[in-house]
Amino acid sequence: DEYVELTNTSKSDKVLSGYLLVDINFPGTDKETVGQTFPFPTPTVLESGKSLRVYTNQIHEESGGYSFGSGSAIWNNQSGKGLLKDTAENVIAQFEYAK
């Protein structure tokens with residue numbers, strides 16, 4: 001199952017409660033659309049130096065236990081963008097990929 005991994009490289013814990021993980025389809029084109037969105041539940045804290053994963057359709061407790069719960073792929077193999085937005089919907093991190 002595909003997943004997105006977030007790593008806290010700072011020296012302090014980060015509260016992610018209410019943050020959004022957003023899939024952007026066809027970034028930078030006239031077909032750009034918002035795909036799936038995963039809202040982090042309360043409480044979600046990412047400890048300093050730790051990572052968590054958000055899977056497409058599986059739940060793995062050892063990596064946080066987070067899942068979009070989608071029965072089909074979210075992150076295609078052609079191109080896409082993932083955004084992490086804070087509670088005010090400001091983009092605080094992003095990753096873009098292309099084939």
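The values are calculated or read from the model by the stated rules, or taken from the named source; none is laboratory data. It should be emphasised that the depicted structure is a prediction, and the values quoted were computed from it without experimental measurement. A quick note on method: Cβ atoms are made from the backbone with ideal geometry, for glycine too, and the neighbour counts reach across all protein chains shown. Surface accessibility is based on the protein's heavy atoms, side chains included, excluding ligands, DNA and RNA. Shrake-Rupley method; radii C 1.70, N 1.55, O 1.52, S 1.80 Å.
May I ask you to give the average projected area over all directions of the convex hull of the Cα atoms of the chain, in nm² rounded to one decimal?
With the hull built on Cα positions only, its mean projection is 6.6 nm².
For the chain, what does the accessible surface come to per residue with a 1.4 Å probe? Please give it in Å².
With the other protein chains kept in place, the chain gives 62 Å² per residue.
Computing the accessible area with a 1.4 Å probe over protein heavy atoms, can you report the carbon and sulfur percentage for the chain?
After summing per-atom areas, the C and S share lands at 48 percent.
Which residue, VAL91, SER17, SER67, has the largest displacement toward the positive end of the dipole of the chain when charges sit on each Cβ (Lys, Arg +1; Asp, Glu -1)?
So the residue we want is VAL91.
Counting pairs of alpha carbon atoms under 8 Å apart in space and at least six apart in sequence, what relative contact order in percent does the chain give?
With pairs under 8 Å counted, the relative contact order is 31 percent.
Which percentage, to the nearest 5, of the DSSP beta bridges contained in the chain is antiparallel?
Given both bridge residues lie in the chain, the antiparallel proportion sits at roughly 90 percent.
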